[in-house]
1. Please identify the pairs in which a residue from segment 174-195 that is farther than 14 Å from residue 87 by Cβ has its Cβ atom under 7 Å from the Cβ atom of a residue that is assigned to a helix (DSSP H, G or I) and open to solvent by less than 80 Å² (accessible area, probe 1.4 Å), counting only partners at least 6 apart or on another chain.
2. Here are some residues: 52, 46. Which one is open to solvent by 50 Å² or more (accessible area, probe 1.4 Å), touching a strand residue (DSSP E or B) at 6+ places or on another chain (Cβ under 7 Å) and over 27 Å from residue 153 (Cα atoms)?
3. Looking at (1) open to solvent by 70 Å² or more (accessible area, probe 1.4 Å); (2) in contact with a strand residue (DSSP E or B) (Cβ under 7 Å, 6 or more places away or on another chain), which one does residue 143 not meet, given that it meets all the others?
4. In contact with a strand residue (DSSP E or B) (Cβ under 9 Å, 6 or more places away or on another chain), under 30 Å from residue 66 (Cα atoms) and outside any loop (DSSP other than H, G, I, E, B), is that true of residue 152?
5. Only residues that are open to solvent by less than 30 Å² (accessible area, probe 1.4 Å) and without any contact (Cβ under 8 Å) to a residue 60 or more places away in the chain: list them for segment 74-130, please.
6. Which condition number does residue 157 fail, the rest of (1) outside any loop (DSSP other than H, G, I, E, B); (2) under 30 Å from residue 79 (Cβ atoms) being met?
7. Does residue 3 count as more than 22 Å from residue 157 (Cα to Cα), at pLDDT below 85 and either open to solvent by less than 80 Å² (accessible area, probe 1.4 Å) or touching a Lys or Arg at 6+ places or on another chain (Cβ under 6 Å) (or both)?
8. From the list 70, 98, which one is at pLDDT 95 or above and of a type in the set (A, V, I, L, M)?
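The values are calculated or read from the model by the stated rules, or taken from the named source; none is laboratory data. Just so you know, these numbers come straight off a predicted model, no measurement behind them. Here the Cβ is made from the backbone with ideal geometry for all residues, glycine too, and neighbour counts use every protein chain on show. These accessible areas exclude ligands, DNA and RNA; they are computed on the full protein's heavy atoms, side chains included. Shrake-Rupley method; radii C 1.70, N 1.55, O 1.52, S 1.80 Å.
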Amino acid sequence: MTLTAAARKIRAKRARRPIYATCMRLADPATGEELGSFVPLHDIDRRLAKERGYKVGHEYRLEIKESRNAAFHRLAHAVGNLLVDNVEAFRDLDAHAALKRLQLEAGICCEMVEMDATPVIAAVLDASETLLGAGARKVLAGVLPEIHTIPVKVAQSLAFDSMEEEDFGAFFKGITAWIGERYVHVMLDDVRAEFWQMTGNNRRAA
């Protein structure tokens with residue numbers, strides 16, 4: 001069966017997904033000895049282990065990392081909701097989109113990547129012809145094609161499987177500092193106090 005590009009992308013993402021496990025003390029059925037064992041945490045983790053062909057008794061190389069703190073993740077999104085509910089600039093966003101906007105604005109956990117400029121150039125040329133005529137398009141076409149790439153700021157994913165806890169801590173510290181510099185002054189006093197309390201900062205409103 002031939003897979004579509006979308007199906008291949010989903011399969012590749014699934015193949016990269018880490019398996020979450022709980023460390024438990026279990027008895028070896030062969031010897032009765034109690035051993036520390038890693039057991040798949042959820043049904044999806046058991047399915048992934050089965051799909052990847054892991055077999056009892058085989059030796060595997062593990063890279064074990066502590067799982068992200070879910071409560072910390074929820075706290076960050078609670079801050080996002082506070083902005084959506086109380087700051088006009090974030091009114092039309094959801095909590096996650098608000099966090100991603102803050103991330104890009106502050107440049108926290110972001111990187112600059114070179115993107116193909118072809119679609120941008122095509123859009124500029126089309127717009128210039130529409131507004132100014134074919135002559136303007138011809139003039140711009142002599143310059144713009146020399147631009148092959150453009151730098152674009154890309155925000156790192158906040159997903160559990162994409163960002164380590166230490167990096168998420170730096171992200172949270174960075175965006176809350178940014179909010180403190182750029183947005184707390186437009187909050188009502190009680191909202192401002194709630195924000196400082198949520199972020200563990202006892203600063204008082206100026």
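1. Note: pairs meeting the criteria are 174/106.
2. 46
3. Every listed condition holds for residue 143 apart from (2).
4. Numbers: in contact with a strand residue (DSSP E or B) (Cβ under 9 Å, 6 or more places away or on another chain): yes; under 30 Å from residue 66 (Cα atoms): no; outside any loop (DSSP other than H, G, I, E, B): yes.
Spelling it out, it is not the case that residue 152 is in contact with a strand residue (DSSP E or B) (Cβ under 9 Å, 6 or more places away or on another chain), under 30 Å from residue 66 (Cα atoms) and outside any loop (DSSP other than H, G, I, E, B).
5. 80, 84, 90, 95, 98, 117, 121, 125, 128, listed by residue number.
6. (1)
7. When the stated conditions are applied, residue 3 passes them.
8. Exactly one residue qualifies, and that residue is 98.
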